[in-house]
1. For segment 141-167, list residues with backbone N below 17 Å from a point placed 7 Å from the Cα of residue 101 toward its Cβ?
2. For every other residue with a beta carbon closer than 13 angstrom to the beta carbon of residue 201, add +1 if it is Lys or Arg and -1 if Asp or Glu, then tell me the sum.
3. For segment 28-98, max minus min Cα coordinate along each principal axis, in Å, sorted largest first?
4. In whole angstrom, note down how far apart the Cα centers of segment 136-156 and segment 77-95 are.
5. Can you tell me how much longer the chain between residue 232 and residue 288 gets when fully stretched, taken as 0.36 nm per residue apart minus their C-alpha distance, in nm with one decimal?
6. Taking R0 as 22 Å, what FRET efficiency do you get between residue 30 and residue 70 from their Cβ-Cβ distance, rounded to the nearest 0.05?
7. Around residue 93, under 14 Å between beta carbons, what's the net of Lys plus Arg minus Asp minus Glu among the other residues?
8. Could you pull out every one of the lysines with an alpha carbon less than 24 Å from that of residue 246, ignoring same-chain neighbours closer than 8 positions?
Amino acid sequence: MKSELVKPTHLARRAVVYVRQSTPHQVVSNQESLRLQYALRQRARELGWHDADIDVIDADLGLSAASAAKRNGFKELVGRVGLSEIGLILSIDVTRLARNCSDWYPLLDICGLRGCLIADRDGVYDPGSANGRLLLGLKGTISELELHTIRSRLTAGLLAKAERGELALMLPVGLVRDPSGVVVKDPDLDVQERLELVFQTFLKFRTVAKVMRMLNDRGLALPRRDRHGELRWARVTVSPVAAILKNPAYAGAFVYGRTRPRATACEGGSPAKVARPIDEWRIVVKDRYPPYIDWPTYGNIRDVVRDNRAEYMRIKTRGAPRNGELLLHGIVWCGRCGHKMYVRYQRWRRVCVQSPALPHGLAGLPAHPRFTRGCRCGRRILDGAGACRD
């Protein structure tokens, strides 16, 4: 079937069939859609192109059209249009090319500039004409709205299931699903005992690093899951211990929405995720899993872990308790400049920064010739004997 829009200048260039499906599952299961898209070669022949002048771009199979960031096939298509190599782009519908107007309209602009036609199963369009751009613009807008509608429908169903605590999220090590789908503790007693030991040790020593050192000193490994979901035992490091202590599933709670996208997207277009505060978690359903600890204990552990972070001025925490003679470490503040007391080691002496308004010895440190104290405001420095060294 010929079209009056197809000119000899178009036939002198190449026709490109763009083939895409949104997910790898669709590539495997939706074979009929795939056949219809490859069959567009026949449509190009009917419009006047020879077989040798018809190319197929299918590098984006299994990729969503919500963004062009990772679609190398789409980028190749746009680049070849810009080089005036393509006279016709064929796709089963515009949703195959783009579901985002920020990608769709630049394609229309460059096609209109280079005299490239766009065709789908409904007809052939010239982006350089007012009517053609209007129709293609409406199709692109409808495609973007359709994506939004699909996402809203899926998200509503997901949230409804999550509010009942029935959404099948990935379980941490120590929790498994039986054949009926009910979550139970791992039947391996070694796994259960090791996780209980982690919680007991933390409640005793109150720092993640001490838990790690204690387990390593005793030659005990931690159960972990590899990328295939298989259980394996690995040497203890800080990260897995902290992950166990901060996971609400061990307190029997189903939680959805513990993270949120970062304001700035990372390279490649995928937004990085940051943890939400516990009071901003979207959905919390308690008593859904068999617990290793109760919920109040979990809240206490999170508070201790947070307070152990030595970011004095940013989050006003005390910092992890450490060895030494300091009694008020982490809770003494300068009454003049508002800075927090801390200990700094400089070669052979310790320097304690604290308020000059506080009396000598309040930090619990005896006079020592190698110990000096003062404040970051620089008003006054006391040596070990308490003499002013302005």
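1. From segment 141-167, the list is 141-150.
2. That sum, taken over residues with Cβ under 13 Å, equals +3.
3. Answer, in whole Å and largest first: 32, 31, 18 Å.
4. A separation of 22 Å, based on Cα centres.
5. 17.6 nm
6. Working: r = 20 Å, r/R0 = 0.93.
Approximately 0.60, to the nearest 0.05.
7. Spelling it out: positives minus negatives among the neighbours equals +2.
8. Output for residue 246: 161, 185, 204, 210, 273, 286, 316.
The values are calculated or read from the model by the stated rules, or taken from the named source; none is laboratory data. Just so it is clear, the structure is predicted and the values come from calculations on it, not from any experiment. In this analysis, Cβ positions are derived from the backbone assuming ideal geometry, glycine residues included, and neighbour counts consider all displayed protein chains. With ligands, DNA and RNA removed, areas are computed over all heavy atoms of the protein, side chains included. Shrake-Rupley method; radii C 1.70, N 1.55, O 1.52, S 1.80 Å.
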